[in-house]
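Heads up: the structure comes next, in structure tokens.
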């Protein structure tokens with residue numbers, strides 16, 4: 001498993017993470033993963049386990065729970081919509097984190113936009129304004145994530161952020 005935490009984003013529709021003054025480094029681990037079929041376009045795919053079916057072309061919904069350690073301490077739950085097409089396919093999701101960020105307690109929501117293929121997952125995560133609670137009400141930030149393979153040690157994430 002390798003991760004890419006480069007904070008350079010040249011997209012004209014998003015602000016650059018380098019515009020944020022703080023960095024939070026954390027490790028997340030998958031506590032649970034449940035995925036269900038939404039749409040199987042061709043009726044062909046792979047039954048990975050009795051509970052998980054991956055269509056060759058189609059859409060799945062996944063509910064994932066993570067645990068966090070480091071500058072982010074707590075847990076989160078994300079709902080992903082995952083497309084499958086045999087090549088590079090888009091993913092989207094919303095994740096609610098509850099715990100602490102650098103000692104500030106509360107919760108916040110991240111929106112995930114990205115893609116996946118046989119090589120791995122690449123995502124841009126952005127804090128959704130107006131959905132924070134407690135000491136994290138004024139949180140703004142984003143991160144980039146690139147994962148290849150499975151890791152028993154967890155996955156590293158660097159969140160570039162500001163907190164009002």
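Derivation of every value follows stated rules applied to the coordinates shown; laboratory data play no part. Quantities reported herein were computed from a predicted structural model and do not represent experimental measurements. Backbone-built Cβ (ideal geometry, glycine too); neighbour counts: all protein chains shown.
Can you order the peptides 34-42, 53-61, 114-122 by their average number of other Cβ atoms within 10 Å per residue, highest first?
Highest mean packing first, the order is 53-61, 114-122, 34-42.
Report, as a whole number in µm² per second, the diffusion coefficient that Stokes-Einstein gives for the chain at 37 °C and 0.692 mPa s using the Kirkwood radius over alpha carbon pairs.
This corresponds to a translational diffusion coefficient of 199 µm²/s.
Taking the highest mean first, how do the peptides 144-154, 125-135 order by number of other beta carbon atoms within 10 angstrom per residue?
Per-residue Cβ counts within 10 Å, averaged per peptide and sorted highest first, yield 125-135, 144-154.
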